[in-house]
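Worksheet: one structure, shown below.
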Amino acid sequence: MITEDARALLATGAVCDSCLGRPFAERSFGLTNAERGRALRTTVALADDEDFESTDPADCWVCEGYCGTFDAVAETIVDALEGVEFATYQVGTRVPPLVEENERLLREDADLEPDAGESMKREMNREVGRRVGALTETEVDFDRPDVLAVVDLEGFDPLETLESGSVTGHAVDVQINPAFVYGRYRKLERDIPQTEWPCRECGGSGIQLGDDGEEPCDYCGGSGYMYDTSVEQVVRPHVVDAMDGDEGTFHGAGREDVDARMLEGGRPFVLEVKRPRVRDPDPAALEREINAAADGSVEVDGLRLATYEMVERVKEHDASKHYRADVEFAEPVDEADFEAALADLEGTTVDQYTPERVDHRRAGLTRERTVYGIDGDLRSSAEAEVRLHGEGGLYVKELISSDGGRTEPSLAGLLETDAEVTALDVTGVEGESEPFEREEYFLDEPRSESDDEVAETAD
Ligand SMILES: [Zn+2]
Ligand SMILES: [Zn+2]
C-alpha cells in the first residue's frame, strides 16, 4: 500500500518532497517527484489526522539540500553557455557517493527495493535539463546534443546555494560538441597536398639548430611545412572563424597524389570544428570567402552544414573515381593499336599487386579492381590523353605503366612499350552505390539557385 510506504519513508527522518516522491517515480506520469512527495505527505497527514508539516530540502537527510538547487544549477549552466549557439543540450550529474548511500538507506529503512523509483542523478538531470531548455528555448537530445553540461554536485555546498540562489562556477563543466561543414574541393594547381604536411626535417617547428643557436630550417625555409599550402590550410581557418571555434580537422573522401590536380566535380570533404560558438554560418558566404582567399589554387563548392555522421560517410563510403592522364610512350604507338588497347581495358578487371611507391610498410597484396570505362586521344605517336572511370582503389599510374608487371593487364603491356603518366588529374569522386550527398546527412536546407547567383555576382 503506497500510504504505508510513504509513512515508512517519513519515519526515517526529515525527508523533502522530492526525496519522498522519488521512490514512486514510475507512478502517475506527468507529476514531478516533488509533486508526488507533497501529495503523499498530504495523504498521510489526512489519514492519520496529523498537522501538516512540510520539510525544506535544507533539512532533508537524504539529499542534504540538493533537491532545492535545480533552479540555481540551471541558471549557472545557462550563464556558462552565454555566447554559445546551440539547439540541443543534455545535462549530466555526478552525485556524491554519500548522497547515493543515503538514497539506498532511505529505501532500506522503509523496506523498499534498493532501486525503487528513480535515482537522484536521473531526477537532477531531468529537472535541471527541463529548466535549461525552458530558459534557452532549446531541446534535449540524449544522443548527440550540441552542448553537454556536467554538474558535479560535490563542487558546491547545497546549503550555501539555498541561501544565495547561486552555484559556484566550477561545479558546472560545459562541453561544446563539434560542428561540421561538408563540401567538395577542387585543386587547380599541382603540388598542393590535401592536408597540412609538416616539414620532415624540423618536424614542423621551422627551426633548426645552427652554430649560433636556432635558425630557420634549411629544408622548408622556416615555414615548417613541406609545401607552401594545402587544401586543409586554405579551407580550415575560414570555417573555424565562421563558427567561432577553437580548431578544425579536415576529413577527405580519400586523397589524390600531391602532384595530381582535383578538377571538375571535386572531392567530398568535411571540416570538423571543435568548440564552435556558432553553429549555423551561411555556407554560401563561407564558400565565397574561401574561394576569394584561395585565389584560384583551390576552390570549394556546395558547402552545407552537416551532421557528425558525415565524417564517417566521407571516410567510409565506397567511391569510384574519374581521371584524366597525360601519357608518354617510349616507342611510337599507332592509332589502331591504341584504340584496340583501350577497348581491351574497357570494363576489364585488373589484378594489381601493391605498388612499390604506395607504402613500403604495407604488406604486398594483389587486389582486383574494375575499369568501368576508358577512352583517349592519341596526340602523337609518343603521347596520349587517357580518360577513365575506375573502381575505388584502382592505381591509375600502374594501370598505364604496368608497374614492372605487377599490374595486369595494363596499357603498357597491351601496347608492348613503356608508358608513363606524366600528369594526372582526378576529375570526379562519386559514391559507388549512391551519392555522398544524401539529405539525411545535412542540417540545413538544400542550397537554392539564388545562393549561387549571389556567388557569381559577388566575384
Ligand atoms: Zn531531499
Ligand atoms: Zn623544416
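See the values below:
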quantity: Given (1) away from ligand 1 (no atom under 16 Å from the Cβ); (2) not in a loop (DSSP other than H, G, I, E, B), index of the condition residue 145 fails; calculated: (2)
quantity: Condition check for residue 273: under 26 Å from residue 441 (Cβ atoms), open to solvent by 30 Å² or more (accessible area, probe 1.4 Å), in contact (Cβ under 8 Å) with a residue 40 or more places away in the chain and more than 16 Å from ligand 1 (Cβ to nearest atom); calculated: no
quantity: Residue match in segment 230-249 (condition: more than 8 Å from ligand 2 (Cβ to nearest atom), open to solvent by 30 Å² or more (accessible area, probe 1.4 Å), part of a strand (DSSP E or B) and hydroxyl-bearing (Ser, Thr, Tyr)); calculated: yes
quantity: Residue 108 part of a loop (DSSP other than H, G, I, E, B) and at pLDDT 95 or above; calculated: no
quantity: Qualifying residues in segment 48-64 (those that are more than 17 Å from residue 124 (Cβ to Cβ) and assigned to a helix (DSSP H, G or I)) - the one farthest from ligand 2 (Cβ to nearest atom); calculated: 48
quantity: Unmet criterion (only one of (1) surrounded by 22 or more Cβ atoms within 10 Å (Cβ to Cβ); (2) in a strand (DSSP E or B); (3) not small (Gly, Ala, Ser)) for residue 264; calculated: (1)
quantity: Qualifying positions in segment 148-179 - charged (D, E, K, R) and not in a helix (DSSP H, G or I); calculated: 152, 157, 173
quantity: Single residue of 425, 403 found to be open to solvent by 20 Å² or more (accessible area, probe 1.4 Å) and either in a loop (DSSP other than H, G, I, E, B) or at pLDDT 95 or above (or both); calculated: 403
quantity: Whichever residue in segment 15-47 is without any contact (Cβ under 8 Å) to a residue 12 or more places away in the chain and more than 22 Å from residue 130 (Cα to Cα) and, among such residues, is farthest from ligand 2 (Cβ to nearest atom); calculated: 46
quantity: Residue 74 being away from ligand 2 (no atom under 16 Å from the Cβ), under 29 Å from the mean Cα position of the chain (by Cα) and closer than 18 Å to residue 162 by Cα; calculated: yes
quantity: Boolean, residue 59 is within 16 Å of ligand 1 (Cβ to nearest atom) and out of contact with any helix residue (DSSP H, G or I) (no Cβ under 9 Å at 6 or more places or on another chain); calculated: yes
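Each row is one residue, and each column tells you yes or no for (1) at positive phi; (2) surrounded by 15 or more Cβ atoms within 10 Å (Cβ to Cβ); (3) part of a loop (DSSP other than H, G, I, E, B).
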{"residue": "181", "(1), (2), (3)": "no, yes, no"}
{"residue": "184", "(1), (2), (3)": "no, yes, no"}
{"residue": "189", "(1), (2), (3)": "no, no, yes"}
{"residue": "194", "(1), (2), (3)": "no, yes, yes"}
{"residue": "203", "(1), (2), (3)": "yes, no, yes"}
{"residue": "209", "(1), (2), (3)": "no, no, no"}
{"residue": "214", "(1), (2), (3)": "no, no, no"}
{"residue": "218", "(1), (2), (3)": "no, no, yes"}
{"residue": "221", "(1), (2), (3)": "yes, no, yes"}
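The values are calculated or read from the model by the stated rules, or taken from the named source; none is laboratory data. Everything quoted here is computed from the prediction, not taken from an experiment. For neighbour counting, all protein chains shown are included, and Cβ atoms are generated from backbone atoms with ideal geometry for every residue, glycine included. Just so you know, the surface numbers come from the protein's heavy atoms only, side chains and all, with ligands and any DNA or RNA stripped out. Shrake-Rupley method; radii C 1.70, N 1.55, O 1.52, S 1.80 Å.
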